[in-house]
């Protein structure tokens, strides 16, 4: 039997029924019966290329096998090592989750906030907004400003919980009093609304503090305030910091932060990038769809609004498909109890 090969297939180790017979190309005498041929060429210590073929040999019949090696893959030993590493990583995650739950149940405010975040984003646990809100509430009562601002936002937007503005403002004010950067920005936005096109002095002060503390939304507003005042260099620095802040938050899979990150490539006039905006918006849509599947009506509305924006933007997509998706998600938002979903179905135009 002739085992033939050409090009980079030359030199592959040939085995018949597990017995080494030489390197390809090679002529081999074989007996009648069932044969399993395997060719292997090592790429490095953990990767190889292989070829396998089974056939039957009948007496007096010559045969030729042309070896064409497949794509690079892990060796069996490397696959076992990878499987073991994955198993150990999974165990570490399980241990970390158990420790986080134990610390939260023990009354640690930071751990209670972190557990709420896990429930909200589905990190190691199924998304459960009721549990997220409960743990955020406990953490806020224990003095965690991050939890207070997160819970305040959930009630303000109706993100996974029933919309309740008075309760939202109570938690947002608590977060601001605790000097949480996001809470400061949310309190500036909701406690001191704009007067026409003018920001209230109190709001500017709060945005400044929130921005300096690292809140990307506050940094965005400082960009707007600086641009209106003609402070180009300062406003651009705030824009840069806002984009970086949203980027870090987006890495957690937070669909709100992901939409915020995408918007920085649309609204920052000094450095917009439509292609980047479209790509990041589609990533955010995928994350928001998961949240909507868990019953988050605000996420469904955000998906609808994103498709509406992509319909009007130069997204490179099918405008009819974007229009249909926007209407579909407005209906889903409405079915989940989001009032703006019903309003959008009645009033949004696609001219």
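Bear in mind these aren't lab numbers, they're just calculated from the coordinates by the rules spelled out. As the structure is a prediction and not an experimental result, all values here were calculated from the model. Every residue, glycine as well, gets a Cβ built from its backbone with ideal geometry; the counts of neighbours run over all protein chains shown.
Brief remarks on what is shown
- Rg/Rh (Cα only; Kirkwood hydrodynamic radius) as it applies to the chain: 1.20
- Per-pair calculated FRET efficiency, R0 = 22 Å: residue 134 and residue 335 via Cβ, rounded to 0.05: 0.30
- Average projection area in nm² (convex hull over Cα atoms of the stretch 271-351, one quarter of hull surface): 5.2
- Ranked by how many other beta carbons lie within 10 Å on average, peptides 80-93, 157-170, 186-199 from highest: 157-170, 186-199, 80-93
- Largest-first principal axis extents, alpha carbons of the stretch 105-237, Å: 50, 28, 23
- Crossing angle, helix 76-105 versus the chain [Cα axis fit, 0-90 degrees, rounded to tens]: 20
- Gyration tensor (alpha-carbon) shape descriptor, the stretch 120-160, a/c threshold 1.5: oblate
- Normalised by the number of residues in the stretch 89-169, the average gap of Cα pairs under 8 Å and 6 or more apart makes the relative contact order 19 percent.
- Å³ per residue enclosed by the Cα convex hull of the stretch 31-143: 163
- Tilt relative to the chain, helix 297-312 - C-alpha long axis, 0 to 90 degrees, to 10: 80
- Taking the longest Cα principal axis of the chain as reference, the axis of helix 181-191 is set at about 40 degrees.
- Evaluated at q = 0.09, 0.16, 0.21 Å⁻¹: base-10 log I(q)/I(0), Debye formula over Cα of the stretch 172-303: -0.27, -0.85, -1.23
- With a Förster radius of 22 Å applied to the beta-carbon distance between residue 15 and residue 46, the computed FRET efficiency rounds to 0.65.
- Relative contact order of the chain, pairs being alpha-carbon contacts under 8 Å that are 6 or more residues apart, as %: 7
- Sequence-distant contacts, meaning Cα pairs under 8 Å at least 6 residues apart, place the relative contact order of the stretch 2-74 at 33 percent.
- Added length on full extension, which subtracts the Cα-Cα distance from 0.36 nm per residue, residue 195 to residue 234: 11.7 nm
- Annotation: for a label point projected 7 angstrom from Cα along Cα→Cβ of residue 2, residues of the stretch 8-46 with backbone N closer than 11 Å are 26-27.
- Spherically averaged projected area of the stretch 2-74 from its Cα convex hull (nm²): 4.7
- DSSP beta bridges confined to the chain are antiparallel in about 90 percent of cases.
- For residue 179 and residue 110, the FRET efficiency from 1/(1 + (r/R0)^6), where r spans their Cβ atoms and R0 equals 22 Å, is about 0.90.
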